[in-house]
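Colleague: I'd like to ask some things about the structure below.
FYI, it's all coordinate maths here, none of it is from the lab. Predicted model only: the values in this text are computed from it and were never measured. For neighbour counting, all protein chains shown are included, and Cβ atoms are generated from backbone atoms with ideal geometry for every residue, glycine included.
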């Protein structure tokens, strides 16, 4: 599933290519991706048509596009969602679900990808093979959609309160990896980057939060931010063709991973084989030497 860096790459692409454009029409080609819209597929299309996209924002793994009406288009990529910008007439993708036609080029803003030649007409396409993601109109959600107001700020947010995060983690008895994945504590950190941050911090994921010092928690947050910044610089992590940016390009951070997906390979720090264990229907990867299993685990 795309995590914060991958979603931020997409947000930056939309900021560069879609902001400032007017929505001229919307085609919903499959009902499921708009299942959470209050007006269904017909209401979704009608509510967007004629509006102008004023910004591209993100909280954790959610994206939203504020509109000039004060509403917003709220998006989640799920496991396989893609938000692509295509010229009119480009062949439809196999799993194209929603087509939003745009008029007027977006402003020339910095992008993590090469910007194509400006055009007055383009299409914003939502492609989703597995259809766990989706789009919805958020009424009055331009500043912050109420549907995601309960989600904590992320480590890229200037208003993220690291002192409060430290206090809350140290009050919990859960394993620290579970706490990193708790979107009520900090949003955007997923399985891959949690494992990478824990390896950098030399902390086992099952270490209870209340058995960490304030310094350890603060350093862990710093490592999580650093590893995601590094991933962002490389366009995110792509293990298959499902995650791409708005131009259809894959990220390359998987080539820089220290533990995730490296079961049996030598730790880059000490040479010990990396181990994999089951974790919440997924997997955790760690170095048993650099990240010893905590004693007397609860």
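Colleague: Can you put 17, 150 in order of Cβ neighbours within 10 angstrom, beginning with the fewest? Don't skip to the end; give the middle numbers.
Modeller: Values: 17 28, 150 8.
Listed from fewest to most nearby Cβ atoms, that is 150, 17.
Colleague: Here is a further query. Give me the percent relative contact order of the chain, please, defined on Cα pairs under 8 angstrom at least 6 residues apart.
Modeller: 19
Colleague: So what's the back-of-envelope 222 nm ellipticity for the chain, counting only DSSP H runs of four-plus at -39500 (n - 2.57) apiece and dividing by all residues, rounded to 500? It would help to have the intermediate numbers written out before the result.
Modeller: On the way: 6 runs with 68 residues, N = 298.
Result for the chain, helices only: -7000 deg cm²/dmol.
Colleague: Arrange 26, 9 by Cβ neighbour counts within 10 Å, fewest through most, would you? Before the final figure, lay out each step's value.
Modeller: Numbers: 26 21, 9 24.
Ranked by crowding around the Cβ, least crowded first: 26, 9.
Colleague: Then there is this: Would you order 228, 79, 131, 280 from fewest to most other beta-carbon atoms within 10 Å of each residue's own beta-carbon?
Modeller: Listed from fewest to most nearby Cβ atoms, that is 280, 79, 131, 228.
Colleague: Let me know the shape class of the stretch 4-148, please: from the alpha-carbon gyration tensor, a ≥ b ≥ c as square roots of the eigenvalues, rounded when a/c is under 1.5, otherwise prolate if a/b is greater than b/c, or oblate. Please list the in-between numbers first.
Modeller: Numbers: a/c = 1.21, a/b = 1.15, b/c = 1.05.
Rounded, because the longest to shortest axis ratio a/c is under 1.5.
Colleague: Need one word for the stretch 153-205: rounded, prolate or oblate. Basis is the Cα gyration tensor (sqrt eigenvalues a ≥ b ≥ c); a/c below 1.5 gives rounded, then a/b vs b/c decides. Please list the in-between numbers first.
Modeller: Numbers: a/c = 1.68, a/b = 1.22, b/c = 1.38.
It comes out oblate by the Cα gyration axes.
Colleague: Considering the chain, what Rg and Dmax in Å follow from its alpha-carbon atoms?
Modeller: Considering the chain through its Cα atoms, Rg and Dmax are 20.2, 63 Å.
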